[in-house]
Amino acid sequence: MEYYCRTTYRQEQKKEDEDFFMNAERDVNFKDYPKGVMEGLYVVQQYPPIPEDGFQMELLLNNEDINITLEGLKRADNQPNNMTLPVALMLLDSKSYPSLSSARKSCRKGNIVINRGPLFVNEETGQEEFNQDRCFIGRTFHRVYPGDIIGIQSRLRGGFYPGFQTERRPPFELPVVYEDDHIAVVNKPAGVVCYAPKGQGYSCMETIRAALPFVLKPPKRGTLSILRRPMSVHRLDKPTTGLLLIAKTKPALVELGRQFAQREVHKTYTAIVNGIPSKPKETSLSDDALQQMITNGSKMTK
């Protein structure tokens, strides 16, 4: 049982990595895809037009990869030339949509687009594209008819991390100082927190965590133990600006975390002051105490 669980987990991880690399490579070439419904969405996969005589219903029932019964088809009054969108997806792509629940889930996410009738030819590129006047986001209750064309749309940004389907972008610039397939260094601006305050959750866009997928490039295909989203290894306070180390793979996250924990990473802070600060006796340090802090690498409490 343990061996089976480990094997299954590795297979799932391998598939997730492959999907990640495929989506990342697709994102780089976003200009090659026709536009979808709404700005920033592109049709990344297009199915053949629905046949004029409709679907062959027996193919649906005789396909071992599809989990549906005759009663399930009749419940929504599905006919060869008048069928609900989830059932049509199962017929067009049984591997991606082996069940009604998987097809409905994709519809609810807004990933499906329906084009009523033929596509139009873009005069500039010469390629067929979805007609913006005839296409719309497909929902679970929509029905498809002969001649309709179904496509899969995704938000592409041009080389950044895939899988973040949000139109909002962090409202600040985050310069990238260094980057490779394993780590990155960004210049954190003052006034921005690394993580969202307690209670705001991960939906807060005014954080370093939220900005990283929009400014860093995903690791190249073949990179092992990737992180689905880059993670900062340490933190800087909100008023502080400076370099922030980012991990893009799990080994980099573990190793950099170890170096910080064992104080192998040396940090230098620079402060700009106005005038000469006073030195209250209760908060001042003697030269001996300061030297001891530097030597031990630990904080002293009074």
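Checking the condition among the β-branched types (Val, Ile, Thr) and modelled with pLDDT under 85, which residue from THR207, THR140, THR125 passes? Working first, answer last.
Values: THR207 fails: modelled with pLDDT under 85; THR140 fails: modelled with pLDDT under 85.
The unique qualifying residue is THR125.
How about segment 116-136: which of its residues are assigned to a strand (DSSP E or B) and over 17 Å from GLU39 (Cα atoms)?
The first filter runs over segment 116-136 and keeps only residues assigned to a strand (DSSP E or B), leaving 120-121, 128-129, 135-136.
The answer is PHE120, VAL121, GLU128.
Exactly one condition in (1) surrounded by fewer than 16 Cβ atoms within 10 Å (Cβ to Cβ); (2) more than 19 Å from the chain's Cα centre (by Cα) is not met by CYS204; state its number.
(2)
Among ALA252, ALA261, ALA247, which is touching a Leu at 6+ places or on another chain (Cβ under 6 Å) and modelled with pLDDT of 90 or more? Please lay out each step first, then the result.
Values: ALA252 fails: touching a Leu at 6+ places or on another chain (Cβ under 6 Å); ALA261 fails: touching a Leu at 6+ places or on another chain (Cβ under 6 Å).
Sole residue among the options that is touching a Leu at 6+ places or on another chain (Cβ under 6 Å) and modelled with pLDDT of 90 or more: ALA247.
Within segment 137-151, which residues are crowded, with 17+ Cβ neighbours inside 10 Å and either assigned to a strand (DSSP E or B) or out of contact with any strand residue (DSSP E or B) (no Cβ under 8 Å at 6 or more places or on another chain) (or both)?
Residues satisfying the conditions are ILE137, ARG143, VAL144, ILE149, ILE150, GLY151.
In segment 182-235, how many are in a loop (DSSP other than H, G, I, E, B) and among the basic types (Lys, Arg)?
Initially, segment 182-235 is screened for residues in a loop (DSSP other than H, G, I, E, B), giving 182, 189-192, 194-200, 204-206, 216-225, 233-235.
Filter once more, so that each one left must be among the basic types (Lys, Arg): 198, 217, 220-221, 235.
Within segment 182-235, residues that are in a loop (DSSP other than H, G, I, E, B) and among the basic types (Lys, Arg) number 5.
Look through segment 270-295, keep the residues that are exposed (fewer than 10 other Cβ atoms within 10 Å of the Cβ) and among the polar types (S, T, N, Q), and return whichever of them is modelled with the lowest pLDDT. So that I can check it myself, show each step before the final result.
Of the residues in segment 270-295, the ones exposed (fewer than 10 other Cβ atoms within 10 Å of the Cβ) are 270-283, 286-288, 294-295.
Then drop every residue that is not among the polar types (S, T, N, Q), which leaves 270, 274, 278, 283, 286, 295.
On the way: THR270: 84, ASN274: 82, SER278: 73, THR283: 64, SER286: 73, THR295: 69.
Restricting to residues being exposed (fewer than 10 other Cβ atoms within 10 Å of the Cβ) and among the polar types (S, T, N, Q), the top hit is THR283.
Out of segment 38-57, which residues are part of a loop (DSSP other than H, G, I, E, B), buried (at least 16 other Cβ atoms within 10 Å of the Cβ) and of a type in the set (A, V, I, L, M)?
Correct list: ILE50 only.
Pick out the one residue from LYS14, LYS31 that is surrounded by fewer than 12 Cβ atoms within 10 Å (Cβ to Cβ) and at pLDDT 70 or above.
Answer to the check: LYS14.
Among the residues in segment 165-186, are any farther than 30 Å from LEU243 by Cβ, among the aliphatic types (A, V, I, L, M) and modelled with pLDDT of 90 or more?
Within segment 165-186, not a single residue is farther than 30 Å from LEU243 by Cβ, among the aliphatic types (A, V, I, L, M) and modelled with pLDDT of 90 or more.
Specify the residue that is modelled with the lowest pLDDT; the eligible residues are those in segment 65-96 that are loosely packed, with under 13 Cβ neighbours inside 10 Å and under 32 Å from the mean Cα position of the chain (by Cα).
ASP65
Sort out which residues of segment 236-279 are part of a helix (DSSP H, G or I) and either in contact with a strand residue (DSSP E or B) (Cβ under 7 Å, 6 or more places away or on another chain) or not basic (Lys, Arg) (or both), and write them in order of number.
LYS250, PRO251, ALA252, LEU253, VAL254, GLU255, LEU256, GLY257, GLN259, PHE260, ALA261
The values are calculated or read from the model by the stated rules, or taken from the named source; none is laboratory data. Remember, it's a predicted structure, so these values are computed and weren't measured experimentally. Glycine gets a Cβ as well: all are built from the backbone with ideal geometry, and neighbour counts include every protein chain shown.
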